[in-house]
Amino acid sequence: MPLAVVRSRALVGLHAPEVRVEVHLGNGLPAFHIVGLPQAAVRESADRVRAALLHCGFDFPNRRLTVNLAPADLPKDTGRFDLPIAVGILAASGQVPLEALGELAFVGELSLTGEIRPIRGALAMVLAVRADDSRRRLVIPSACKAEAALVGDGQSLAAASLVDVCAHLRGESPLQRIAHCVPAVAACAAVPDFSDVKGQLLAKRALEVAAAGWHSVLMTGPPGAGKSMLAARFPGLLPPMDDEQSLQCALVQSIAGRFDPSRWGQRPFRSPHHTASGVALVGGGGVPRPGEITLAHLGVLFLDELPEFNRAVLEVLREPLESGEITISRAGRQATFPARFQLVAAMNPCPCGYLGHHSGRCQCSADQVARYRARVSGPLLDRIDLQLEVPAAAADQMTRAGTEETSEAIRARVERARHAMHARQRKPNASLAPREVDEHCTPDERGSALLRRAMAASMLSARGLHRAMRVARTIADLAGANTVGAEHVAEALQYRRLDRVPAAA
(Lines give C-alpha, C1' and ligand atoms only; values in the text may rest on other atoms or scores of the structure.)
Protein backbone atom coordinates (compact mmCIF):
# COMPACT_ATOMS: atom_id res chain seq x y z
CA MET A 1 0.00 0.00 0.00
CA PRO A 2 1.41 3.47 -0.93
CA LEU A 3 1.46 4.73 2.66
CA ALA A 4 4.31 6.29 4.62
CA VAL A 5 4.41 7.39 8.28
CA VAL A 6 6.92 10.06 9.25
CA ARG A 7 7.42 11.31 12.80
CA SER A 8 7.64 15.00 13.59
CA ARG A 9 7.08 17.40 16.50
CA ALA A 10 4.51 20.11 17.27
CA LEU A 11 4.96 22.98 19.71
CA VAL A 12 2.60 23.66 22.64
CA GLY A 13 4.02 26.17 25.10
CA LEU A 14 7.43 24.82 26.11
CA HIS A 15 6.49 21.27 25.15
CA ALA A 16 6.95 19.49 21.81
CA PRO A 17 4.50 16.56 21.54
CA GLU A 18 5.02 13.98 18.81
CA VAL A 19 3.04 14.24 15.57
CA ARG A 20 2.70 11.34 13.11
CA VAL A 21 2.62 12.57 9.50
CA GLU A 22 0.73 9.91 7.52
CA VAL A 23 0.97 10.26 3.73
CA HIS A 24 -1.31 8.21 1.49
CA LEU A 25 -1.27 8.02 -2.31
CA GLY A 26 -4.73 7.02 -3.53
CA ASN A 27 -6.61 6.60 -6.78
CA GLY A 28 -8.80 9.30 -8.19
CA LEU A 29 -8.39 12.78 -9.57
CA PRO A 30 -5.09 14.46 -8.62
CA ALA A 31 -5.48 16.44 -5.39
CA PHE A 32 -3.50 17.37 -2.30
CA HIS A 33 -5.37 17.38 1.04
CA ILE A 34 -3.89 18.04 4.49
CA VAL A 35 -6.09 17.05 7.45
CA GLY A 36 -5.57 16.90 11.19
CA LEU A 37 -6.46 20.42 12.39
CA PRO A 38 -3.89 22.32 10.28
CA GLN A 39 -3.77 26.10 10.44
CA ALA A 40 -3.26 28.31 7.39
CA ALA A 41 0.55 28.05 7.35
CA VAL A 42 0.29 24.24 7.42
CA ARG A 43 -2.36 24.11 4.68
CA GLU A 44 -0.06 26.22 2.52
CA SER A 45 2.59 23.49 2.86
CA ALA A 46 1.02 21.81 -0.19
CA ASP A 47 2.30 24.51 -2.54
CA ARG A 48 5.73 24.81 -0.89
CA VAL A 49 6.30 21.04 -0.87
CA ARG A 50 5.23 20.60 -4.51
CA ALA A 51 7.56 23.37 -5.71
CA ALA A 52 10.47 22.12 -3.56
CA LEU A 53 10.16 18.53 -4.82
CA LEU A 54 10.04 19.57 -8.45
CA HIS A 55 12.91 22.04 -8.10
CA CYS A 56 15.12 19.36 -6.50
CA GLY A 57 14.49 16.98 -9.41
CA PHE A 58 12.05 14.59 -7.72
CA ASP A 59 8.80 13.35 -9.20
CA PHE A 60 5.60 14.72 -7.74
CA PRO A 61 2.94 11.96 -7.79
CA ASN A 62 0.06 12.83 -10.06
CA ARG A 63 -2.40 11.09 -7.73
CA ARG A 64 -4.79 11.83 -4.89
CA LEU A 65 -2.55 12.80 -1.96
CA THR A 66 -3.90 12.77 1.59
CA VAL A 67 -1.70 13.90 4.48
CA ASN A 68 -2.98 13.26 8.01
CA LEU A 69 -1.33 15.00 10.97
CA ALA A 70 -2.10 12.86 14.02
CA PRO A 71 -3.31 13.32 16.70
CA ALA A 72 -6.14 15.13 14.94
CA ASP A 73 -7.21 17.17 18.00
CA LEU A 74 -3.78 18.83 18.41
CA PRO A 75 -3.64 22.17 16.52
CA LYS A 76 -0.75 22.34 14.01
CA ASP A 77 0.83 25.66 13.08
CA THR A 78 3.80 27.14 11.16
CA GLY A 79 5.76 25.51 8.36
CA ARG A 80 7.74 23.03 10.46
CA PHE A 81 5.80 20.13 8.91
CA ASP A 82 7.00 20.89 5.36
CA LEU A 83 10.02 18.59 5.61
CA PRO A 84 8.22 15.53 7.08
CA ILE A 85 5.42 15.93 4.50
CA ALA A 86 7.95 16.04 1.66
CA VAL A 87 9.83 13.02 3.04
CA GLY A 88 6.53 11.15 3.44
CA ILE A 89 5.58 11.80 -0.20
CA LEU A 90 8.98 10.59 -1.39
CA ALA A 91 8.77 7.46 0.76
CA ALA A 92 5.17 6.67 -0.24
CA SER A 93 6.06 7.04 -3.93
CA GLY A 94 9.16 4.85 -3.61
CA GLN A 95 11.74 7.57 -4.27
CA VAL A 96 13.44 6.99 -0.88
CA PRO A 97 13.46 3.71 1.11
CA LEU A 98 10.59 3.47 3.56
CA GLU A 99 12.62 1.46 6.09
CA ALA A 100 15.11 4.35 6.43
CA LEU A 101 12.47 6.38 8.31
CA GLY A 102 12.33 4.00 11.28
CA GLU A 103 14.38 5.85 13.88
CA LEU A 104 14.21 9.38 12.47
CA ALA A 105 12.00 12.40 13.11
CA PHE A 106 11.93 15.51 10.92
CA VAL A 107 11.15 19.21 11.41
CA GLY A 108 11.82 22.09 9.05
CA GLU A 109 10.24 24.61 6.72
CA LEU A 110 11.00 24.29 3.01
CA SER A 111 11.72 27.08 0.58
CA LEU A 112 10.58 26.72 -3.02
CA THR A 113 14.14 25.69 -3.92
CA GLY A 114 14.27 22.87 -1.37
CA GLU A 115 16.39 24.74 1.17
CA ILE A 116 15.44 23.96 4.79
CA ARG A 117 14.71 27.14 6.70
CA PRO A 118 15.10 27.58 10.48
CA ILE A 119 12.14 27.13 12.80
CA ARG A 120 11.39 28.37 16.29
CA GLY A 121 11.41 25.94 19.18
CA ALA A 122 14.11 23.62 17.84
CA LEU A 123 15.66 23.30 21.30
CA ALA A 124 12.33 22.21 22.81
CA MET A 125 11.98 19.54 20.12
CA VAL A 126 15.49 18.18 20.66
CA LEU A 127 14.82 17.95 24.41
CA ALA A 128 11.47 16.22 23.80
CA VAL A 129 12.94 13.61 21.44
CA ARG A 130 15.74 12.86 23.89
CA ALA A 131 13.29 12.48 26.77
CA ASP A 132 10.82 10.29 24.86
CA ASP A 133 13.11 7.93 22.95
CA SER A 134 16.87 7.85 23.34
CA ARG A 135 17.24 5.84 20.10
CA ARG A 136 15.39 8.27 17.84
CA ARG A 137 17.28 11.01 16.01
CA LEU A 138 15.82 14.37 15.01
CA VAL A 139 16.65 15.99 11.66
CA ILE A 140 16.62 19.77 12.06
CA PRO A 141 17.61 22.75 9.85
CA SER A 142 21.34 23.51 9.79
CA ALA A 143 20.54 27.05 10.92
CA CYS A 144 19.32 25.59 14.25
CA LYS A 145 22.54 23.71 15.03
CA ALA A 146 23.56 26.13 17.79
CA GLU A 147 20.35 25.38 19.72
CA ALA A 148 20.64 21.60 19.38
CA ALA A 149 24.32 21.74 20.37
CA LEU A 150 23.34 22.92 23.87
CA VAL A 151 22.10 19.38 24.60
CA GLY A 152 23.75 17.66 21.64
CA ASP A 153 25.02 14.13 22.10
CA GLY A 154 25.10 13.11 18.45
CA GLN A 155 21.38 12.35 18.54
CA SER A 156 20.37 15.30 16.30
CA LEU A 157 21.24 15.65 12.62
CA ALA A 158 21.63 18.93 10.71
CA ALA A 159 20.35 19.27 7.12
CA ALA A 160 20.65 22.25 4.80
CA SER A 161 18.32 21.06 2.03
CA LEU A 162 15.83 18.42 1.00
CA VAL A 163 18.46 16.92 -1.32
CA ASP A 164 20.79 16.37 1.66
CA VAL A 165 18.01 14.61 3.59
CA CYS A 166 17.26 12.27 0.68
CA ALA A 167 20.97 11.47 0.21
CA HIS A 168 21.10 10.46 3.87
CA LEU A 169 17.98 8.27 3.57
CA ARG A 170 19.46 6.52 0.55
CA GLY A 171 22.75 5.93 2.38
CA GLU A 172 24.73 8.06 -0.07
CA SER A 173 25.89 10.90 2.20
CA PRO A 174 25.19 10.82 5.95
CA LEU A 175 23.99 14.01 7.60
CA GLN A 176 26.20 15.78 10.12
CA ARG A 177 25.70 14.74 13.73
CA ILE A 178 25.45 17.68 16.13
CA ALA A 179 27.95 17.40 18.97
CA HIS A 180 27.62 19.04 22.36
CA CYS A 181 28.91 22.63 22.37
CA VAL A 182 28.08 25.32 24.94
CA PRO A 183 28.93 28.92 23.96
CA ALA A 184 31.30 30.92 26.12
CA VAL A 185 29.62 33.34 28.52
CA ALA A 186 29.96 36.89 27.26
CA ALA A 187 31.90 39.33 29.41
CA CYS A 188 29.96 41.22 32.08
CA ALA A 189 31.45 44.44 30.69
CA ALA A 190 28.47 44.57 28.35
CA VAL A 191 26.33 45.66 31.34
CA PRO A 192 26.82 49.30 32.44
CA ASP A 193 28.51 49.73 35.82
CA PHE A 194 26.94 51.09 39.01
CA SER A 195 29.89 53.43 39.48
CA ASP A 196 28.39 55.58 36.69
CA VAL A 197 25.57 56.67 39.03
CA LYS A 198 26.51 59.54 41.34
CA GLY A 199 25.08 59.56 44.84
CA GLN A 200 21.73 57.79 45.43
CA LEU A 201 23.18 55.68 48.24
CA LEU A 202 19.75 54.64 49.57
CA ALA A 203 18.60 53.48 46.13
CA LYS A 204 21.84 51.57 45.56
CA ARG A 205 21.47 49.89 48.94
CA ALA A 206 17.87 48.91 48.16
CA LEU A 207 18.88 47.44 44.81
CA GLU A 208 21.66 45.48 46.51
CA VAL A 209 19.06 44.01 48.88
CA ALA A 210 16.78 43.27 45.92
CA ALA A 211 19.55 41.51 44.00
CA ALA A 212 20.54 39.41 46.99
CA GLY A 213 17.03 38.17 47.81
CA TRP A 214 15.40 38.30 44.34
CA HIS A 215 12.96 40.98 45.55
CA SER A 216 10.83 43.25 43.35
CA VAL A 217 11.48 47.02 43.47
CA LEU A 218 9.56 50.23 42.78
CA MET A 219 11.50 53.50 42.55
CA THR A 220 9.65 56.83 42.74
CA GLY A 221 11.37 60.10 41.94
CA PRO A 222 11.49 63.15 39.67
CA PRO A 223 12.75 63.05 36.07
CA GLY A 224 16.52 62.86 35.84
CA ALA A 225 17.02 61.42 39.33
CA GLY A 226 18.70 58.31 37.90
CA LYS A 227 15.93 55.69 38.10
CA SER A 228 16.47 54.37 34.56
CA MET A 229 20.26 54.41 35.00
CA LEU A 230 19.97 52.35 38.16
CA ALA A 231 17.60 49.86 36.53
CA ALA A 232 19.84 49.41 33.47
CA ARG A 233 22.79 48.59 35.74
CA PHE A 234 20.83 46.29 38.04
CA PRO A 235 21.54 43.06 36.07
CA GLY A 236 25.25 43.62 36.80
CA LEU A 237 24.53 42.93 40.48
CA LEU A 238 22.94 39.54 39.91
CA PRO A 239 25.00 36.35 40.35
CA PRO A 240 25.90 34.45 37.17
CA MET A 241 23.50 31.75 36.02
CA ASP A 242 24.42 28.08 36.21
CA ASP A 243 24.10 25.77 33.19
CA GLU A 244 20.56 24.67 34.07
CA GLN A 245 19.32 28.26 34.36
CA SER A 246 21.10 29.21 31.14
CA LEU A 247 19.38 26.31 29.37
CA GLN A 248 15.98 27.46 30.68
CA CYS A 249 16.56 30.95 29.30
CA ALA A 250 17.76 29.52 25.97
CA LEU A 251 14.62 27.36 25.78
CA VAL A 252 12.39 30.41 26.25
CA GLN A 253 14.33 32.31 23.59
CA SER A 254 14.03 29.35 21.23
CA ILE A 255 10.25 29.14 21.70
CA ALA A 256 9.98 32.87 20.96
CA GLY A 257 12.24 32.60 17.89
CA ARG A 258 14.84 34.88 19.52
CA PHE A 259 17.67 32.44 20.27
CA ASP A 260 21.09 34.09 20.16
CA PRO A 261 24.18 32.06 21.16
CA SER A 262 26.00 35.26 22.14
CA ARG A 263 23.43 35.75 24.96
CA TRP A 264 24.22 32.38 26.56
CA GLY A 265 24.62 32.70 30.33
CA GLN A 266 23.43 36.32 30.43
CA ARG A 267 20.37 37.21 32.46
CA PRO A 268 17.61 38.74 30.29
CA PHE A 269 16.75 42.41 30.67
CA ARG A 270 13.38 43.35 29.16
CA SER A 271 12.03 46.90 29.10
CA PRO A 272 8.67 47.07 27.26
CA HIS A 273 7.15 50.45 26.41
CA HIS A 274 4.16 51.60 28.46
CA THR A 275 1.94 51.25 25.37
CA ALA A 276 2.40 47.44 25.49
CA SER A 277 -0.82 45.42 25.54
CA GLY A 278 -1.68 42.69 27.99
CA VAL A 279 -0.92 40.03 25.37
CA ALA A 280 2.49 41.59 24.69
CA LEU A 281 3.27 41.63 28.39
CA VAL A 282 2.08 38.21 29.55
CA GLY A 283 1.78 36.33 26.25
CA GLY A 284 -1.15 35.00 24.28
CA GLY A 285 -2.51 35.06 20.75
CA GLY A 286 -4.45 32.43 18.81
CA VAL A 287 -1.42 30.19 19.16
CA PRO A 288 -0.12 31.06 22.66
CA ARG A 289 3.29 32.69 22.48
CA PRO A 290 5.45 33.91 25.39
CA GLY A 291 5.22 37.56 26.43
CA GLU A 292 7.66 39.95 28.07
CA ILE A 293 7.36 38.38 31.52
CA THR A 294 8.42 35.01 30.09
CA LEU A 295 11.21 36.54 28.00
CA ALA A 296 12.44 38.04 31.30
CA HIS A 297 12.42 34.61 33.03
CA LEU A 298 15.34 34.41 35.51
CA GLY A 299 16.20 37.99 34.60
CA VAL A 300 14.87 41.52 35.00
CA LEU A 301 11.61 43.07 33.80
CA PHE A 302 11.91 46.87 33.92
CA LEU A 303 8.66 48.85 33.69
CA ASP A 304 9.44 52.55 33.33
CA GLU A 305 6.67 55.14 33.84
CA LEU A 306 4.60 52.52 35.67
CA PRO A 307 1.35 54.55 36.00
CA GLU A 308 1.35 55.18 32.24
CA PHE A 309 0.72 51.47 31.60
CA ASN A 310 -2.92 50.53 31.19
CA ARG A 311 -4.18 49.50 34.62
CA ALA A 312 -5.76 46.31 33.28
CA VAL A 313 -2.38 45.40 31.76
CA LEU A 314 -0.60 45.88 35.08
CA GLU A 315 -3.13 43.77 36.95
CA VAL A 316 -2.15 40.67 34.96
CA LEU A 317 1.23 40.81 36.70
CA ARG A 318 -0.26 39.94 40.08
CA GLU A 319 -0.51 36.18 39.57
CA PRO A 320 2.93 35.58 37.98
CA LEU A 321 4.59 37.73 40.68
CA GLU A 322 3.30 35.20 43.21
CA SER A 323 3.47 31.92 41.29
CA GLY A 324 6.42 32.43 38.92
CA GLU A 325 4.46 31.17 35.90
CA ILE A 326 1.60 32.19 33.62
CA THR A 327 -1.06 29.93 32.13
CA ILE A 328 -2.70 31.11 28.91
CA SER A 329 -6.00 29.44 28.03
CA ARG A 330 -7.61 29.50 24.61
CA ALA A 331 -10.47 27.53 23.10
CA GLY A 332 -9.18 23.99 22.74
CA ARG A 333 -5.66 24.67 24.00
CA GLN A 334 -3.74 25.78 27.06
CA ALA A 335 -0.08 26.72 27.49
CA THR A 336 1.93 27.37 30.64
CA PHE A 337 5.08 29.48 30.44
CA PRO A 338 7.66 30.17 33.16
CA ALA A 339 7.71 33.75 34.46
CA ARG A 340 10.05 33.90 37.44
CA PHE A 341 11.25 37.40 36.68
CA GLN A 342 12.57 40.15 38.95
CA LEU A 343 10.38 43.24 38.64
CA VAL A 344 12.06 46.64 38.70
CA ALA A 345 9.63 49.52 38.16
CA ALA A 346 9.96 53.30 38.14
CA MET A 347 7.45 56.14 38.32
CA ASN A 348 7.20 59.87 38.91
CA PRO A 349 5.68 61.12 42.18
CA CYS A 350 2.99 63.13 40.35
CA PRO A 351 1.75 63.88 36.81
CA CYS A 352 4.33 66.64 36.20
CA GLY A 353 7.02 64.63 37.98
CA TYR A 354 8.32 67.31 40.34
CA LEU A 355 6.35 66.80 43.55
CA GLY A 356 8.71 67.40 46.46
CA HIS A 357 11.48 68.71 44.16
CA HIS A 358 13.68 71.42 45.67
CA SER A 359 12.84 73.73 42.75
CA GLY A 360 9.21 73.95 43.89
CA ARG A 361 7.99 73.83 40.27
CA CYS A 362 5.19 71.29 40.90
CA GLN A 363 1.69 72.74 40.53
CA CYS A 364 -0.25 69.46 40.84
CA SER A 365 -3.17 69.41 43.24
CA ALA A 366 -3.55 66.74 45.90
CA ASP A 367 -6.45 65.29 43.91
CA GLN A 368 -4.34 65.05 40.74
CA VAL A 369 -1.54 63.33 42.67
CA ALA A 370 -3.99 60.87 44.23
CA ARG A 371 -5.56 60.00 40.85
CA TYR A 372 -2.13 59.57 39.28
CA ARG A 373 -0.92 57.17 41.97
CA ALA A 374 -4.22 55.30 41.96
CA ARG A 375 -3.37 54.06 38.44
CA VAL A 376 -1.20 51.49 40.23
CA SER A 377 -3.53 49.38 42.34
CA GLY A 378 -3.01 48.59 46.00
CA PRO A 379 -2.96 44.80 45.43
CA LEU A 380 -0.13 45.20 42.91
CA LEU A 381 1.83 47.53 45.20
CA ASP A 382 1.37 45.02 48.01
CA ARG A 383 3.26 42.46 45.91
CA ILE A 384 6.28 44.75 45.42
CA ASP A 385 8.79 44.11 48.20
CA LEU A 386 10.86 47.30 48.09
CA GLN A 387 9.25 50.71 47.52
CA LEU A 388 11.61 53.64 47.80
CA GLU A 389 11.93 57.28 46.91
CA VAL A 390 14.77 58.37 44.64
CA PRO A 391 15.23 62.13 45.15
CA ALA A 392 16.97 64.46 42.74
CA ALA A 393 20.73 64.30 43.18
CA ALA A 394 22.46 67.27 44.79
CA ALA A 395 24.85 69.39 42.71
CA ASP A 396 27.87 68.52 44.86
CA GLN A 397 27.26 64.80 44.30
CA MET A 398 27.07 65.21 40.53
CA THR A 399 30.34 67.16 40.32
CA ARG A 400 32.30 65.04 42.78
CA ALA A 401 35.20 62.95 41.44
CA GLY A 402 34.35 59.33 40.71
CA THR A 403 34.57 57.42 44.00
CA GLU A 404 31.38 55.38 43.55
CA GLU A 405 31.31 51.67 44.36
CA THR A 406 31.51 49.35 41.35
CA SER A 407 29.03 46.66 40.36
CA GLU A 408 31.69 44.02 40.97
CA ALA A 409 32.12 45.03 44.62
CA ILE A 410 28.37 45.01 45.23
CA ARG A 411 27.95 41.71 43.37
CA ALA A 412 30.52 40.08 45.66
CA ARG A 413 28.34 40.86 48.69
CA VAL A 414 25.23 39.70 46.83
CA GLU A 415 26.87 36.36 46.00
CA ARG A 416 27.91 35.81 49.63
CA ALA A 417 24.32 36.42 50.74
CA ARG A 418 23.02 34.07 48.03
CA HIS A 419 25.39 31.33 49.20
CA ALA A 420 24.02 31.72 52.73
CA MET A 421 20.45 31.41 51.45
CA HIS A 422 21.30 28.37 49.34
CA ALA A 423 22.98 26.65 52.28
CA ARG A 424 19.95 27.31 54.49
CA GLN A 425 16.97 26.78 52.17
CA ARG A 426 18.25 26.22 48.58
CA LYS A 427 16.25 29.17 47.17
CA PRO A 428 16.24 32.99 47.32
CA ASN A 429 14.38 34.57 50.21
CA ALA A 430 11.73 36.08 47.91
CA SER A 431 10.68 32.55 46.88
CA LEU A 432 10.03 31.27 50.39
CA ALA A 433 6.58 29.80 51.05
CA PRO A 434 4.59 31.05 54.08
CA ARG A 435 5.61 28.06 56.19
CA GLU A 436 9.26 28.60 55.24
CA VAL A 437 8.97 32.29 56.14
CA ASP A 438 7.91 31.29 59.68
CA GLU A 439 10.82 28.86 59.87
CA HIS A 440 13.64 31.02 58.50
CA CYS A 441 12.54 34.68 58.74
CA THR A 442 10.97 35.11 62.18
CA PRO A 443 12.81 38.00 63.89
CA ASP A 444 13.86 38.31 67.50
CA GLU A 445 11.58 39.81 70.16
CA ARG A 446 12.36 43.46 69.36
CA GLY A 447 11.99 42.85 65.64
CA SER A 448 8.64 41.11 66.15
CA ALA A 449 7.44 44.07 68.21
CA LEU A 450 8.32 46.40 65.34
CA LEU A 451 6.33 44.29 62.89
CA ARG A 452 3.31 44.23 65.23
CA ARG A 453 3.37 48.04 65.52
CA ALA A 454 3.61 48.34 61.73
CA MET A 455 0.53 46.14 61.28
CA ALA A 456 -1.35 48.04 63.98
CA ALA A 457 -0.61 51.28 62.12
CA SER A 458 -2.02 49.69 58.91
CA MET A 459 1.35 49.92 57.17
CA LEU A 460 1.29 46.20 56.35
CA SER A 461 -1.25 43.67 55.16
CA ALA A 462 -0.81 39.98 55.93
CA ARG A 463 0.95 39.57 52.58
CA GLY A 464 3.01 42.70 53.23
CA LEU A 465 4.06 41.27 56.60
CA HIS A 466 5.49 38.14 54.98
CA ARG A 467 7.24 40.20 52.33
CA ALA A 468 8.77 42.49 54.94
CA MET A 469 10.00 39.44 56.85
CA ARG A 470 11.64 38.06 53.69
CA VAL A 471 13.35 41.40 53.04
CA ALA A 472 14.55 41.56 56.64
CA ARG A 473 16.00 38.05 56.28
CA THR A 474 17.89 39.20 53.17
CA ILE A 475 19.27 42.24 54.99
CA ALA A 476 20.44 39.94 57.79
CA ASP A 477 22.11 37.65 55.22
CA LEU A 478 23.96 40.62 53.72
CA ALA A 479 25.16 41.48 57.23
CA GLY A 480 26.21 37.86 57.87
CA ALA A 481 23.77 37.58 60.80
CA ASN A 482 22.18 34.26 61.75
CA THR A 483 19.19 35.92 63.45
CA VAL A 484 16.89 38.62 62.06
CA GLY A 485 17.21 41.56 64.43
CA ALA A 486 15.28 44.77 65.02
CA GLU A 487 17.75 46.75 62.87
CA HIS A 488 17.08 44.44 59.92
CA VAL A 489 13.31 44.73 60.37
CA ALA A 490 13.54 48.53 60.65
CA GLU A 491 15.40 48.76 57.34
CA ALA A 492 12.90 46.42 55.67
CA LEU A 493 9.97 48.57 56.87
CA GLN A 494 11.74 51.66 55.54
CA TYR A 495 11.30 50.24 52.05
CA ARG A 496 7.49 50.00 52.30
CA ARG A 497 6.39 53.59 52.89
CA LEU A 498 5.12 54.81 49.51
CA ASP A 499 1.46 54.33 50.37
CA ARG A 500 1.42 57.82 51.83
CA VAL A 501 1.03 60.56 49.20
CA PRO A 502 3.15 63.66 49.99
CA ALA A 503 1.38 66.97 50.29
CA ALA A 504 1.06 68.75 46.96
CA ALA A 505 2.74 72.08 46.32
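Dipole orientation for the chain: of the candidates THR275, GLN95, ALA40, THR275 has the Cα lying most toward the positive pole (charges on Cβ; Lys, Arg +1; Asp, Glu -1).
For segment 97-246, the Kirkwood hydrodynamic radius comes to 19.1 Å, computed from all pairs of different C-alpha atoms. Of the GluC sites (Glu not before Pro) found in segment 355-441, the ones in coil according to DSSP and having at most 16 other Cβ atoms within 10 Å of their Cβ are GLU405. Taking all protein chains together, HIS357, HIS33 sort by accessible area into HIS33, HIS357, largest first [probe 1.4 Å].
Most simply put, the chain has about 50% antiparallel DSSP beta bridges, counting only bridges with both residues inside it.
Protection proxy ranking of 168-178, 334-344, by the mean of other Cβ atoms within 10 Å over each peptide's residues and highest first, is 334-344, 168-178. The calculated FRET efficiency for the pair ALA409 and HIS440, based on their C-beta separation and a Förster distance of 22 Å, comes to about 0.20. Above 21 angstrom, tally the Cα pairs of segment 174-238 and express them as a % of all pairs, no decimals. Distances greater than 21 Å cover 39 percent of the Cα pairs. For a Förster distance of 35 Å, can you work out the FRET efficiency between the beta-carbons of LEU98 and THR275, rounded to the nearest 0.05? Efficiency for this residue pair is about 0.05. Its relative contact order, with pairs defined as Cα atoms under 8 Å and 6+ residues apart, puts segment 153-208 at 31 percent. Here the spin labels are modelled as points 7 Å beyond Cα on the Cα-Cβ line, and at ASP133 and ASP260 they lie 3.7 nm apart.
Averaging the sequence gap over all C-alpha pairs within less than 8 Å and six or more residues apart, then dividing by the number of residues, gives the chain a relative contact order of 13 percent.
The mean sequence distance of close C-alpha pairs (under 8 Å, at least 6 residues apart), as a share of the length of segment 70-115, puts its relative contact order at 50 percent.
The lysines within cross-link reach of LYS145, meaning a Cα-to-Cα straight distance under 28 Å and a gap of 8 or more places when in the same chain, are LYS76. Counting only alpha carbon atoms, the long axis of helix 45-55 and the longest principal axis of the chain meet at about 50°.
Projected label points at ARG416 and ASN482, each 7 Å from Cα along the beta carbon direction, are separated by 1.8 nanometres. Step by step: find N for the chain, compute 2.2 N^0.38 Å, then divide the Cα radius of gyration by it. What's the final number? Normalised Rg, Cα atoms only: 1.19. Legend: calculated FRET efficiency, ALA70 to GLU325, from the Cβ-Cβ distance at R0 = 35 Å, rounded to 0.05, equals 0.75. In this simple spin-label model, placing a label point 7 Å from the Cα along the Cα-to-Cβ direction at both SER365 and ARG20 gives a separation of 7.2 nm.
The values are calculated or read from the model by the stated rules, or taken from the named source; none is laboratory data. Computed from a predicted structure; not experimentally measured. Counting neighbours? That spans all protein chains shown, and the Cβs are built from the backbone with ideal geometry, glycine included. Side chains included, ligands, DNA and RNA excluded: accessible areas come from the protein's heavy atoms. Shrake-Rupley method; radii C 1.70, N 1.55, O 1.52, S 1.80 Å.
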